[in-house]
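Inspection log for the structure reproduced underneath, given as structure tokens.
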């Protein structure tokens, strides 16, 4: 069955895996559970109709679920070098979109697989492998045996560590590449100030991109400017706290709440004057609206002085 221009369902039994660089796939339980709950979000890659190019773990997880067919994207016409680049890009993009909970769960699986690999190293003969030599028992060697590149493992561990240090980065929307970017921006903030920055950003409705921009702005400010913002953020007055966030984002200060209410009141009073049917009252209501307008002008003048 054709699903899209280059995606079709392929019979799993007909797919040939061949020799793969990843010999061990790790624990597939959480991946199978995710596919069962949400479906297969990323089709596997095939060429020559049935030859697997990328997606070995997804294929095996679908087998565990009892699937007989699987969505596959056909990539015929690409050279071996191009296909390796596609696989790397695909893996990198999926990794970048992992959230904290998924990264944490995946790392737990990887650590379990690596623990098993270490036991094999201690009990079995030394393995010989092609490619870049790895000292038996080294981090690289254990990672290779566990089926996860060392660089991938390091990025995941860094993601986990940063998100645990700054819990607001565990919220929805904070995928790996955003967390790593924010962590790099945080490095420009003096270490003793970082908890204050985290407190400032631990508020609802601040999307990751905006939060990263705020961290960047704070890093470029003078220490005295940052200290003033931190002090404002500690206020019990919500308006003051909102202005702390506005200052950190390099935005104009939030308008006085009373001013906003008066502006709305003036509109309401003028509307009441138009709708009033009591003889002689309309001029008095209009005068009341004019008085409110004068009050808003005084508040705006006081703000500018």
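Apart from one condition, residue 232 fits all of (1) surrounded by 12 or more Cβ atoms within 10 Å (Cβ to Cβ); (2) over 30 Å from residue 298 (Cβ atoms); (3) without any contact (Cβ under 8 Å) to a residue 40 or more places away in the chain; the exception is (2).
The combined condition, being surrounded by 18 or more Cβ atoms within 10 Å (Cβ to Cβ) and touching a helix residue (DSSP H, G or I) at 6+ places or on another chain (Cβ under 6 Å), is fulfilled by residue 200. Here residue 184 passes the criteria (1) without any contact (Cβ under 8 Å) to a residue 12 or more places away in the chain; (2) within 28 Å of residue 152 (Cα to Cα); (3) not in a helix (DSSP H, G or I) except the one numbered (3). Only residues that are over 26 Å from the mean Cα position of the chain (by Cα) and surrounded by fewer than 20 Cβ atoms within 10 Å (Cβ to Cβ) were counted across region 36-51, and they come to 5.
Tell me, yes or no, whether region 101-116 has at least one residue that is modelled with pLDDT under 75, closer than 30 Å to residue 50 by Cα and assigned by TED's automatic domain parsing to the domain that holds residue 50. Scanning region 101-116 turns up no residue that is modelled with pLDDT under 75, closer than 30 Å to residue 50 by Cα and assigned by TED's automatic domain parsing to the domain that holds residue 50. In the set (1) part of a loop (DSSP other than H, G, I, E, B); (2) surrounded by 15 or more Cβ atoms within 10 Å (Cβ to Cβ), the condition left unmet by residue 242 is number (1).
Within region 1-26, the residues that satisfy the criterion of being at pLDDT 65 or above and assigned to a loop (DSSP other than H, G, I, E, B) are 6, 15, 17, 18, 25.
Here residue 252 does not qualify as touching a residue at least 12 places away in the same chain (Cβ under 8 Å), under 21 Å from residue 298 (Cβ atoms) and loosely packed, with under 14 Cβ neighbours inside 10 Å.
Cβ-Cβ distances below 7 Å connect the following pairs, each with a first residue in region 206-225 that is without any contact (Cβ under 8 Å) to a residue 40 or more places away in the chain, a second residue that is surrounded by fewer than 13 Cβ atoms within 10 Å (Cβ to Cβ) and not in a helix (DSSP H, G or I), and a separation of six or more residues or different chains: 207/173; 208/173; 219/188. On the basis of being under 21 Å from the mean Cα position of the chain (by Cα) and either modelled with pLDDT of 90 or more or outside any helix (DSSP H, G or I) (or both), does residue 255 make the cut? For residue 255, the condition - under 21 Å from the mean Cα position of the chain (by Cα) and either modelled with pLDDT of 90 or more or outside any helix (DSSP H, G or I) (or both) - is not met. Within region 159-174, the set of residues being farther than 14 Å from residue 209 by Cβ and part of a loop (DSSP other than H, G, I, E, B) comprises 166 only.
The values are calculated or read from the model by the stated rules, or taken from the named source; none is laboratory data. From a predicted model like this one, the values you see are computed outputs, not experimental measurements. Because the Cβ atoms are built from the backbone with ideal geometry, glycine has one as well, and the counts that use them run over all protein chains shown.
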